[in-house]
Amino acid sequence: MNPLEQLKDIHQATPPGWWPLAWGWWLLAALVLISLILLVIGVRQYRLRRAAKRQALVLLSQLTPDQKNLASELNQLLKRAALHYFPASQVSKLHGNQWLSFLITQLPKSKRDAFASQWQQLQQAQYQAEATLAAPEQVFAQTKVWLKQALPPSKKQLNTSFVALDGGEHV
């Protein structure tokens, strides 16, 4: 008798299954899940922070240049938008030249001159009974520029917005 005949055939091991997962896959799954949660939270905060800006732009698009009290409406629109993003105790008491200075200082330096020239005219027309703006389309455009460029303010802007107006420290 041949001793090799008593040996059984070689059986290959079963290939490993996908379950249970190795700890590296669990770690990767946890990192992906945390990243997705943080992304959703970030996008939600981004949208919430800019909701007032979007609403102000919608309200601006509903105004027409031939409107009777256009100067007052545009001024109120910017005031409401500014009150949402800046401290109400500071913004609510601004008017006239202080209000105009505040609006101008929130814009990037390259946009300030064009805005100032159009809004000087609007500030004067706002307090006149039958005032008409010389170029209402340009005032609309500058209002839109302010809403898009100045809002929402950065933390640095929030901290320094009222220093120039008060001549003192922001509270």
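The values are calculated or read from the model by the stated rules, or taken from the named source; none is laboratory data. What you see is a predicted model, and the numbers here were worked out from it, not measured in a lab. Cβ sites come from the backbone with ideal geometry, for glycine too, and all protein chains shown count toward neighbours.
Taking Thr64 as the residue in question, decide whether it is in the same structural domain as Phe140 (by TED's automatic domain parsing), touching a helix residue (DSSP H, G or I) at 6+ places or on another chain (Cβ under 7 Å) and either polar (S, T, N, Q) or crowded, with 18+ Cβ neighbours inside 10 Å (or both). When the stated conditions are applied, Thr64 does not pass them.
Among residues of region 41-78 being over 17 Å from the mean Cα position of the chain (by Cα) and without any contact (Cβ under 8 Å) to a residue 24 or more places away in the chain, the one that is farthest from Lys144 (Cα to Cα) is Lys68. For region 23-45, does any single residue satisfy the condition of being touching a Leu at 6+ places or on another chain (Cβ under 6 Å) and not basic (Lys, Arg)? Checked against the condition, which is being touching a Leu at 6+ places or on another chain (Cβ under 6 Å) and not basic (Lys, Arg), region 23-45 yields no hits at all.
Scanning region 16-30 for residues that are assigned to a helix (DSSP H, G or I) and loosely packed, with under 10 Cβ neighbours inside 10 Å yields Trp23, Gly24. Any residue at all in region 43-55 that is outside the structural domain of Phe140 (by TED's automatic domain parsing), over 17 Å from Pro153 (Cα atoms) and exposed (fewer than 14 other Cβ atoms within 10 Å of the Cβ)? Looking for residues that are outside the structural domain of Phe140 (by TED's automatic domain parsing), over 17 Å from Pro153 (Cα atoms) and exposed (fewer than 14 other Cβ atoms within 10 Å of the Cβ), one finds at least one in region 43-55, hence yes. The criterion of at least 1 residues that are of a type in the set (Ser, Thr, Tyr) and closer than 18 Å to Thr160 by Cα is met, among helices (runs of 4 or more DSSP H) falling completely within region 31-147, by 70-85, 88-91, 96-105.
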